[in-house]
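Report on the structure given below.
The values are calculated or read from the model by the stated rules, or taken from the named source; none is laboratory data. Because the structure is predicted, anything quoted here is derived from the model rather than measured. When we count neighbours, we look across all protein chains shown, and the Cβ atoms used for this are built from the backbone with ideal geometry, even at glycine.
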Amino acid sequence: MHTSPMNIVVKYADDTNILVPSDSDIDLLEEFDHVKLWADDKNMLINLLKTKEIVFRRPNPRLHISPLPITEVQQVSGAKLLGVTLCDRLSFTTHVENTLKICSQRVYLLKLLQDQGLTHHYLHVVFDALVLSKLRYAICAWSGFFVS
């Protein structure tokens, strides 16, 4: 599906992600055109409104390399991939903040359930299902970025 062995194409269900390093022998525009041709050949549609481009940047701005943007694709600073929010600066702050916000909402739901008389046993079951599962999801990908 891709034209360069340096580039990586990751597919999951109906999502396709293309990873093109800055030192690739084929640029992103050419790789994206190849994916569009491949999809067209397979009678598949690429929804350009849902297609996003994220450029991961080095912390040092002097080392920043800006590739040419894909004109029909929105360039974003963060994107969600399989439930994990990735940031162009390779920070997981946004992901952690979003996760904590969702967990806070779910803890509020637990308070409402407690007020309605749900027993501690079932509150624990709901907590495990709604809060702990959210905190544990993909933790191996981002937990090393905690600063103590």
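Structural remarks
- The strands (runs of 3 or more DSSP E) located wholly in the stretch 1-116 that include 1 or more residues which are at pLDDT 85 or above, among the β-branched types (Val, Ile, Thr) and within 23 Å of Ile139 (Cα to Cα) occupy 52-54, 84-87.
- Sole exception among (1) closer than 21 Å to Thr3 by Cβ; (2) surrounded by 12 or more Cβ atoms within 10 Å (Cβ to Cβ) for Leu68, by number: (2)
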